[in-house]
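First comes the structure, then the notes that go with it.
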Amino acid sequence: MTVKKIVTSLLCCIIVSSVFLPIITVNVHAETTAEESRIMVSLGDSYSSGEGIEPFYGQNEPTADKVKNQDWLAHRSEKSWPGRLTLEGVNGSMAQNRNDNWFFAATSGAVTDNLTHTQRKEYNIDGIKGSRNIDKQLAVFKELGDKKAEYVTITIGGNDAQFTDVITKAALSFSINPGLLTDKLNSVWDEFYYGVDGGKSIRDRLHQSYYDIQDAAGAQAKIIVAGYPKLLDPKGSKVLFNERDAALINDSVSRFNDEIQSIIKSCKADGMKICFVSVEEAFDGHGAYSSDAFLNKVEFGSNSQDLESSFIVPSAYSMHPNEQGAQAYANCVQAKIDEIEKDNGKTEWPLMSGSDERDIALVLDVSGSMGGTPMNETKNASERFINTVLKEDSSIGVVTYDNTSMCIADFCMNERYLKNAIQNLNSGGGTNMEAGLSQAYSMLQSSNAKKKIIVLMSDGEPNEGKTGDELIEFAETIKNEGIYIYTLGFFSNSNDKTSPQALLESIASEGCHFEVDDADDLIFFFGDIADQINGQKYIYVRIACPVDVTVKYNGETLCSTEENLNTRTAFGSLTFEENEKEFSTGRDNRVKILRLKEGTDYDIQIEGNGSGYMDYTIRFMDDTGEYTDLRKFDDIKITEQTVIDTVATNSDSTILNVDENGDGKYDLKYKATENAEGELVDDTYLIYIYIAVGVVVLILIVVAAIIITKHLKAKKSKLSGN
């Protein structure tokens, strides 16, 4: 090959690479991002950890190392049933994506208390003896960072009910005391319903555990609770269990599963996304000691990976699913996941359905700058919003956004469910407003509600995703489909408010942008938005500027001056925006926004505080809550002596009376009718009319006087003649 051909080939490779490599890179990144957003967490006891199914994570390490390894101490199996599950969009099984898409915290021997408290593990193996704590299982959610768990799987309660002890008693009762098993089961059920020594009952512990999981995982998490299989072949075993024992144990397991299912129904009624998966049918005919067993027999003596060596106590492997049993569990739970995926859980959780009238997507900024007081006030304000809106025929869904977005609560009318979702908000990450809007848009596209609304809150400009004009264009696409967008800006952390204000105002539907300077005021403005959504009509007035504004009604006053500042009354509110347009120079050049409850006449007094020009806009709502009547007055000259009086009321016309020099006399008058621009009214002709009328009246008076005088003279002459 010649040098020329080599160079040509290299250039071709470079060109092809430069064209296609970015495409490949982008596609890989997009795929990775989609995968990373799907998270499953597996909690629970030995039935979830995979006890008895080797290899366990860490088991091939030297003994001195593995006794320090929490995975080995917990007997978390590489072949456990949770690890066999799959999620659409994630390549391979959960086990193949451990610590990326799957987080495994189930621990052999765990009770409900170990979800929130550490679990002590004793070991005595290969001459090394000691003990070590296993982390509380719910701590795994902190490992997710900014990610949120979509699914949580769990088996729990079996150790609270002392299954292991029951089996031991059953094994002993056959040869020593036939009554031991019955006594033990009676004791277990007493503890299940009533507790022991004043402690919580097992039933209450299970109920609390599900709420603890929801609190840690977030309201968006779908919690799948798997039940337990009937443990024994109905015929029992040749030595340890007779048919009576097998029936007692199996019936107790079924009863225990029924009780778990009852607790879960109660949680679902409260709005929790939780469901029960039975495995009894899958294990039917495959109990321990059957010819095709899915469960290990009772094994006296220890296996090589048991934490403690003993020839008397049964191995921890005893009465746990083998590999076939793990696959049976996985099949049952996978079927439930697939069912949920088909309709995003609407069949499983019918209470999480929207309203026929209005579906409202509450889109909340949870970026890093929202930490501390802003986040706390956002939670309080959002709860008030939920309280107010749910009084009407409305449903609410909740979306959060930072670098990405997440639906943490589907459309529903369940107050407890929604508030729980709100209280679990945490801040962190960047600001991808597009992601939040896109998530809400997607939710509303599948809504059948007559009216669809987005309420977007942000404390600044986006720094990821679409920004500026691209974001505004995206919002226009949403609004063009009949979706109303309310925006609420909270800019106390922004050095320059002008740009984010303009952005949010452009994103919002007409007259639907609100903003606050203080986190404490979020609660009021969320309330205003809720009132407006619920049908309260407002008069919207925008005044820019250089003026001070005062509105008085029913003993209350809204005022923009620093010395008499008041921005909230029972009849309305006053907010401020930075002014992009150079109207003037004045001591307060901010734009003033008035929102006044419709239904009365409001006297508005405007006083100049500098020199320049004022734009005055007033909007009125129709019966659908949309601002359809817009009246504008542009470029009205302002000086420090200018005083303008106007009345905000929904009438045929709006009048601005202008006193140019503050002498108490109106020099100019502007008038605007429905959806029109204000025009200067020339009242000169009225003076001539008044003069003409006066002259006519005077003439009439003179004529009348003459007639009366003549009449009186004639009458007098007549009397004299007589």
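The values are calculated or read from the model by the stated rules, or taken from the named source; none is laboratory data. As the structure is a computational prediction, the values presented were derived from the model and not from experiment. Virtual Cβ from ideal backbone geometry, glycine too; neighbours counted across all protein chains shown.
Key figures for this structure:
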| read-out | value |
| --- | --- |
| Counted residues, the range 264-281 - those being at pLDDT 95 or above and surrounded by fewer than 19 Cβ atoms within 10 Å (Cβ to Cβ) | 3 |
| Test result for T164, touching a residue at least 24 places away in the same chain (Cβ under 8 Å), surrounded by 17 or more Cβ atoms within 10 Å (Cβ to Cβ), of a type in the set (S, T, Y) and touching a strand residue (DSSP E or B) at 6+ places or on another chain (Cβ under 7 Å) | no |
| Unmet criterion (only one of (1) under 40 Å from the mean Cα position of the chain (by Cα); (2) closer than 30 Å to K452 by Cα) for Y616 | (2) |
| Selection within the range 386-414 - farther than 14 Å from F526 by Cβ, within 14 Å of the chain's Cα centre (by Cα) and not in a strand (DSSP E or B) | D402, T404, M413, N414 |
| Given (1) assigned to a helix (DSSP H, G or I); (2) over 24 Å from G227 (Cβ atoms), number of the condition D100 does not satisfy | (1) |
| Every residue from the range 619-639 that is of a type in the set (A, V, I, L, M), within 40 Å of the chain's Cα centre (by Cα) and buried (at least 19 other Cβ atoms within 10 Å of the Cβ) | M621 |
| Matching option when the condition is farther than 21 Å from T673 by Cβ and either of a type in the set (V, I, T) or modelled with pLDDT of 85 or more (or both), among G610, G586 | G610 |
| Qualifying positions in the range 286-345 - within 18 Å of F163 (Cα to Cα), among the aromatic types (F, W, Y) and part of a loop (DSSP other than H, G, I, E, B) | Y289, F294, Y317 |
| Out of S446, S442, S427, sole residue that is surrounded by fewer than 24 Cβ atoms within 10 Å (Cβ to Cβ), under 20 Å from A221 (Cβ atoms) and free of Cβ contacts under 8 Å to residues at least 12 places away in the same chain | S442 |
| Answer from P229, P234 - the residue that is surrounded by fewer than 19 Cβ atoms within 10 Å (Cβ to Cβ) and within 22 Å of D292 (Cβ to Cβ) | P234 |
| Residue in the range 536-556 that is modelled with pLDDT of 80 or more, among the polar types (S, T, N, Q), farther than 26 Å from T624 by Cβ and assigned by TED's automatic domain parsing to the domain that holds G612 present | yes |
| Residue match in the range 453-471 (condition: part of a strand (DSSP E or B) and of a type in the set (S, T, N, Q)) | yes |
| Selected residue (criterion: nearest to G610 (Cα to Cα)) from residues of the range 645-670 that are without any contact (Cβ under 8 Å) to a residue 60 or more places away in the chain and of a type in the set (A, V, I, L, M, F, W, C) | V658 |
| Residue check, I606 farther than 17 Å from V541 by Cβ and β-branched (V, I, T) | no |
| Candidates L596, L668 - the one that is within 30 Å of E357 (Cα to Cα) and buried (at least 16 other Cβ atoms within 10 Å of the Cβ) | L596 |
| Which listed residue is under 12 Å from the mean Cα position of the chain (by Cα) and basic (K, R), from K419, K452 | K419 |
| Candidate set: the range 328-345, residues that are buried (at least 16 other Cβ atoms within 10 Å of the Cβ) and of a type outside the set (A, V, I, L, M); chosen: the one modelled with the lowest pLDDT | G345 |
| Hits in the range 208-247 - residues which are aliphatic (A, V, I, L, M) and either modelled with pLDDT of 95 or more or assigned to a loop (DSSP other than H, G, I, E, B) (or both) | I213, A219, A221, I223, I224, V225, A226, L231, V239, L240 |
| Unmet requirement for M319, which otherwise passes all of (1) at positive phi; (2) surrounded by 22 or more Cβ atoms within 10 Å (Cβ to Cβ); (3) touching a Cys at 6+ places or on another chain (Cβ under 9 Å) | (3) |
| Filter result for I706 (surrounded by fewer than 11 Cβ atoms within 10 Å (Cβ to Cβ) and either within 17 Å of F633 (Cα to Cα) or at pLDDT below 70 (or both)) | no |
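Rundown of residues vs (1) farther than 30 Å from E341 by Cβ; (2) in contact with a helix residue (DSSP H, G or I) (Cβ under 6 Å, 6 or more places away or on another chain); (3) not assigned by TED's automatic domain parsing to the domain that holds M319, yes/no style:
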| site | (1), (2), (3) |
| --- | --- |
| L185 | yes, yes, no |
| G198 | yes, no, no |
| S201 | yes, yes, no |
| Y210 | no, yes, no |
| A216 | no, yes, no |
| A219 | no, yes, no |
| G236 | yes, yes, no |
| A246 | yes, no, no |
| D258 | no, no, no |
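This table checks each residue for (1) touching a strand residue (DSSP E or B) at 6+ places or on another chain (Cβ under 8 Å); (2) farther than 19 Å from I655 by Cβ; (3) in contact (Cβ under 8 Å) with a residue 24 or more places away in the chain; (4) assigned to a strand (DSSP E or B).
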position: N564; (1), (2), (3), (4): yes, yes, no, no
position: Q605; (1), (2), (3), (4): yes, no, yes, yes
position: D623; (1), (2), (3), (4): no, yes, no, no
position: D629; (1), (2), (3), (4): yes, no, yes, yes
